[in-house]
Amino acid sequence: MTEATQVHGVLDSHGEKAARLESVYVYEAPVRLWHWINAAAIVALATTGYFIASPPPSTPGEASAQFLMGYIRFAHFSAGYVLAVALLMRIYWAFVGNEHARQIFYLPVWDRKWLWGVLHELRWYLFLAKAPKKYIGHNPLGHLVMHGFMLTLAFLIVTGFALYSEGAGRDSWQYALFGWVFSIWPNSQDVHTWHHLAMWGVVLFVIIHIYTAVREDIVSRQSLISSIISGERVFRDEADK
């Protein structure tokens, strides 16, 4: 952690007054590495998944000389494995990392201050609140959305491996672990549809995530974008004076 200096009104993840810090080490290296691996895998999965659902026109030439969809599917499956392994490692780090590493895996819905924080952040993002509150980790609304994002990732991985097991066969480990999905949706096309809809949910999340990160970095005078690179959350109010 860096040396602590004074900054006005910094709150911890529960909305309580935290230490008066200019800069604090929040995101450890494994969390930052997971973030960027996750981002790359999602881009690959969303792009290839779109073409799997809406295949491009047939390419010219002999069919035996073409393997376009095969390459697309291979890239999709490879990125899916990367996403799944990265999520398992992220879950592991939630147990051994700092408090911020496990924040998004639970919701303190019993905490009234946290619930009011969600409402305040929603008003802030809708330009209804005059000033932001400052948090060392995720703000309550970001905490809530990130928790939902993690659940969506898990859903995509489970349904993705279930669909993969159709090609791998009933004797595969993929079917042994994820074949139960077809007891919920016996029609494979239904699994495809929910998997596809969840992908669009992630795409929407990414757009909003990038917008809010850039907006908060500028408007609320606290670092978000650089924090996921360096791990340091910086509050710039004092530096501006």
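Annotations for the structure displayed:
- A simple rule links phi to the HN-Hα coupling: the Karplus curve 6.51 cos²θ - 1.76 cosθ + 1.60 with θ = phi - 60°, which for the stretch 167-179 gives x, 6, x, 5, 8, 7, 5, 5, 6, 4, 8, 10, x Hz, with x for Gly and Pro.
- For the chain, a Kirkwood radius taken over Cα pairs fed into Stokes-Einstein (25 °C, viscosity 0.890 mPa s) yields D = 122 µm²/s.
- The stretch 51-134 - percent relative contact order, Cα under 8 Å, separation 6 or more: 13 percent
- Mean residue ellipticity (222 nm) of the chain, computed from DSSP H runs ≥ 4 via -39,500 (n - 2.57), nearest 500: -20500 deg cm²/dmol
- Proximal charge balance of GLU28 [Cβ under 14 Å; K/R count +1, D/E count -1]: +2
- Note, ³J(HN,Hα) from phi for the stretch 77-93, Karplus 6.51, -1.76, 1.60, rounded to Hz, x at Gly and Pro: 5, 5, 5, x, 5, 4, 4, 5, 5, 4, 5, 4, 5, 5, 5, 4, 5
- When the Cα convex hull of the stretch 111-241 is projected onto planes of every orientation, the mean area is 11.0 nm².
- In this structure the stretch 27-230 gives 58 Å² per residue of accessible area when probed at 1.4 Å with all protein chains present.
- Helix axis angle, 29-53 relative to the chain longest principal axis, alpha carbon, degrees: 40 degrees
- Computed from phi, the 3J(HN,Hα) profile of the stretch 129-145 under the Karplus parametrisation 6.51, -1.76, 1.60 (θ = phi - 60°) reads 9, 7, 9, x, 8, 10, 10, 5, x, 5, 6, x, 5, x, 4, 4, 5 Hz, with x in place of Gly and Pro.
- Charge dipole (debye, nearest 20) of the stretch 27-230; +1 at Cβ of Lys and Arg, -1 at Cβ of Asp and Glu: 800 debye
- Accessible area of the chain belonging to carbon and sulfur atoms, whole % at 1.4 Å probe: 68 percent
- Here the relative contact order of the stretch 27-230, from alpha carbon pairs under 8 Å that lie six or more residues apart, stands at 20 percent.
The values are calculated or read from the model by the stated rules, or taken from the named source; none is laboratory data. Note that this is a predicted model, so its numbers are computed, not measured. Methodologically, a virtual Cβ is constructed for each residue, glycine included, from the backbone with ideal geometry; neighbour enumeration extends over all protein chains shown. We work out accessible area using only protein heavy atoms, side chains counted, and drop any ligands, DNA or RNA first. Shrake-Rupley method; radii C 1.70, N 1.55, O 1.52, S 1.80 Å.
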